[in-house]
Every structure is written in structure tokens, then in C-alpha cells.
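The values are calculated or read from the model by the stated rules, or taken from the named source; none is laboratory data. Only a predicted model underlies this, so the values are computations on that prediction, with no experimental measurement involved. Glycine gets a Cβ as well: all are built from the backbone with ideal geometry, and neighbour counts include every protein chain shown. SASA here: full protein model, heavy atoms, side chains in, ligands and nucleic acids out. Shrake-Rupley method; radii C 1.70, N 1.55, O 1.52, S 1.80 Å.
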Amino acid sequence: MNTEVRVKENKLIDSYQRLIHKLRVQLTDACNFRCFYCMPLDMKFKPHSELLTSEEIYQICFILNQDFGIDELRITGGEPTIRPEFEEIVYKLSSLNLSKLGLTTNGFILDKKLDFLKTTECKNINISLDSLNEETFNYITRSKYFKNTLKSILKAKELGFNIKINTVMLKGINDNEVEEFINFSAKYDIEVRFLELMKIGEAYYNNDKLFISAKEYIDKIKKKHNLHPIKVEIDSTSFKYRLENGAKIGFIASESMPFCNSCSRLRLSATGKLRSCLMSNNGINLKNLQKEQYREVLYSVISMKPYTRIHHIEENMNQIGG
Ligand code: SAM
Ligand code: SF4
């Protein structure tokens, strides 16, 4: 257990010397897709009345940013773009003194938000695309909207956003598409990150059937391509390579090569719970707290932050805020 937390020059450092400076902000647990590894078809979402208001989200982020050195925010969900106050929230968060403001989205209605996003500081967009094949994409997302997501990706690229594709690798479903994704990356100059399926909620129960390790597909890629490592930040979740055809690919091997010992993240749920780990639902609710109470709460939450990987969690990814 992580006992001692320090604030040094406005930076949060835990007893394992991890600098805690990133926050994932979940706007909602609701989604317009139903990716089968993320949530059940009949998922019930939190009523809007239970969510933090846009002003509460802003105030919490403001304090964490100003007094505790949280300098990177990533907006996520569920699907963040469907929150009615999405634009208001992004606009407010854009006024903070951040080194990076990002968004993770399924891309379904992103193309309609891009002109707005262009006017904000939110320039780093990760878009989930689990297949380049329309039928497979629609099967995984249990939607009919492959074309919308693809259109959003290409438009975001054209408009100059810094975008990355997230692709969760699923054995027997999309693991035959690695080469296509590499070609896609090279053709459009877009980084593609291959994610290992994590033992979270729905995916935990189907892990034996669906899991494929990064090593398995890296070995296949190496037979065809030379991989040139790209330097990444110490707290990066991914390791990356440039290929000779120009593709840029990354791997998030959360299961086979966990990175908990360099994790720099906290998470704020849509209802206000601050938690220190994706894999643990321990945390403290910040709703209605006074500014003076933040320090103590932050120390407590960070002291809950594990140093090694927790095996699994039964909550679904959309509920945690992926
Ligand atoms: N709805 C948005 C989206 O799909 O990008 C944001 C939230 S979603 C939960 C964030 C990311 O988590 C997506 O890239 C999704 O594929 C990924 N994800 C969901 N469940 C996962 C699991 N069990 N293992 C690994 N990644 C998962
Ligand atoms: Fe929705 Fe994202 Fe979960 Fe898919 S992965 S169901 S798009 S929250």
C-alpha cells in the first residue's frame, strides 16, 4: 500500500516516486454503441440528475490543475460526445492551464463536433476503430455506423487534429486485420494503437476466448516489417514503432506487460468519484466537497493507488470511464 504522498512545487508525487499528473474525466457512462466486450446490450445508464454538472466538472478540474499539478486531461465516457453539455464542458476545460487536453471517442458523431473542437484546446483525439471491415465493425459495436466513424477519422485528420486510432485486438474476430491497419496507418499518416483486451466487466468473463497477447501479433508483424522503436514518455501506456512504409503503430499491452509502476493517472467518474486505478473501484466522491478538503482527499485516493496490476474488475469499462 502506498502511504506517503507529497506535493512538491505543486506536483503530486506518491511514495513510489510516481508523478501523478494526468486525469481522465468521464462525462457520462451512456453510449450510442454497445461494443460487446465493453457493456451488455441492456445496460442501464445513470440518470442525468446524478451526474456532476458542467460547472462542477470544471471546478474540480480547476482545483486539481491549479493547486495539484494535474496538467493533462482526457475526456472520456461512455461516449462523451453524446453528453448534452459536451461543448460547454470542453469549452470550460479549454481555459485551464494544461499541457494537453484530449478526447477519447467512438467517432459516431465526432464529425459534427470538429468545427467546434477546432476553436478549443482539445486537439488530441483518440478514436476507437476495432475493424476496417464494415461488417466486423458493426458486429463488434452492435451498431450500423462504421461509415460515420471512418468519416470522422478522415475529417479530423484533414482538419489537422492530432489523432490516434485505438484498436482492441479480439482473437478470431479482428486479429486478421493487423496488416490492413498497418497499411491504413501508412496511407493516412495516422498512428494506430493495438490494445490488449483487459479483464474488465464483460471482457473479463470472455477473456479466455477473446484475448490475444501483443507478443503474438508483434511476432507476426516482425516477419514482414522492420520495427524501429520510437521514444515515448516514461508514463506512456504504449510502446511504439515506425515501419519502413511510414506506418506508426503502438501497443498497449495492459495484461501481458502492465505499466502500473509508472502510472501517472487519476480518474474522475461522471458522478464525481475520484479513483486512482482503472482496476479498482476504491475512491472518494468529490461532489459537494470544499476546496480545503481536497488535499486530504487527494492524499487518501493516491494512497489507494496500487503498484502492481490488479487481476480483474467486474464493473464494465463504460461505467469506470475508459
Ligand atoms: N466510447 C469511447 C470510445 O469507445 O472510444 C470512449 C470510452 S471507451 C470505454 C475507451 C476505450 O476503452 C475504447 O478504445 C475501448 O475500445 C476501450 N475498451 C473498452 N473495454 C475494454 C477492455 N475490456 N479492454 C481494453 N480496452 C477496452
Ligand atoms: Fe461505447 Fe466506447 Fe464502450 Fe464501445 S467501447 S460501447 S463505444 S463506451
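Within segment 84-99, the set of residues being open to solvent by less than 10 Å² (accessible area, probe 1.4 Å) and either closer than 17 Å to N126 by Cβ or touching a strand residue (DSSP E or B) at 6+ places or on another chain (Cβ under 7 Å) (or both) comprises F86, V90, L93. Might you check whether a residue that is within 18 Å of the chain's Cα centre (by Cα), in contact (Cβ under 8 Å) with a residue 40 or more places away in the chain and in a loop (DSSP other than H, G, I, E, B) occurs anywhere in segment 149-169? Yes, segment 149-169 contains a residue that is within 18 Å of the chain's Cα centre (by Cα), in contact (Cβ under 8 Å) with a residue 40 or more places away in the chain and in a loop (DSSP other than H, G, I, E, B). Each residue in segment 20-52 was checked for being open to solvent by 70 Å² or more (accessible area, probe 1.4 Å) and not charged (D, E, K, R), and 3 of them qualify.
The residue that is surrounded by the most Cβ atoms within 10 Å (Cβ to Cβ), counting only those in segment 69-83 that are in contact with a Ser or Thr (Cβ under 6 Å, 6 or more places away or on another chain) and more than 26 Å from I20 (Cα to Cα), is T81. Testing Q319 on (1) within 14 Å of ligand 1 (Cβ to nearest atom); (2) part of a loop (DSSP other than H, G, I, E, B), one condition comes back false. Which one is that? Here Q319 meets the rest and fails (2). Scanning segment 115-124 for residues that are in contact with a strand residue (DSSP E or B) (Cβ under 9 Å, 6 or more places away or on another chain) and either over 17 Å from K92 (Cβ atoms) or acidic (D, E) (or both) turns up E121, N124. Among the residues of segment 117-141, write down those that are in a helix (DSSP H, G or I), over 19 Å from the mean Cα position of the chain (by Cα) and within 16 Å of I163 (Cβ to Cβ). The answer is K118, and nothing else.
All of Q66, Q17 fail the test of being over 19 Å from the mean Cα position of the chain (by Cα), surrounded by fewer than 21 Cβ atoms within 10 Å (Cβ to Cβ) and at positive phi, apart from Q17. Candidates in segment 193-213 are the residues that are touching a His at 6+ places or on another chain (Cβ under 8 Å) and not in a helix (DSSP H, G or I); of these, the one that is farthest from ligand 1 (Cβ to nearest atom) is K199. Only one of L114, L150 is within 16 Å of ligand 2 (Cβ to nearest atom), surrounded by fewer than 22 Cβ atoms within 10 Å (Cβ to Cβ), among the aliphatic types (A, V, I, L, M) and farther than 19 Å from L23 by Cα. Can you tell me which? Of L114, L150, the one residue that is within 16 Å of ligand 2 (Cβ to nearest atom), surrounded by fewer than 22 Cβ atoms within 10 Å (Cβ to Cβ), among the aliphatic types (A, V, I, L, M) and farther than 19 Å from L23 by Cα is L150.
Which one is nearest to G102 (Cα to Cα) among residues in segment 14-61 that are within 16 Å of ligand 1 (Cβ to nearest atom) and of a type in the set (S, T, N, Q)? Result: Q26. Of the residues in segment 288-311, not one is crowded, with 21+ Cβ neighbours inside 10 Å, closer than 27 Å to Y205 by Cα and of a type in the set (A, V, I, L, M). Restricting L93, L64, L117, L129 to residues that are over 18 Å from G321 (Cβ atoms) and away from ligand 1 (no atom under 11 Å from the Cβ) narrows the list to L117.
Listed by position, the strands (runs of 3 or more DSSP E) inside segment 1-87 whose residues that are within 23 Å of T308 (Cα to Cα) and at pLDDT below 95 number at least 2 are 5-8, 11-14.
Against the conditions (1) of a type in the set (S, T, Y); (2) within 16 Å of ligand 2 (Cβ to nearest atom); (3) in a strand (DSSP E or B), S254 satisfies every one except (3).
Considering each residue of segment 237-247 in turn, none proves to be surrounded by fewer than 16 Cβ atoms within 10 Å (Cβ to Cβ), more than 24 Å from M169 (Cα to Cα) and among the small types (G, A, S).
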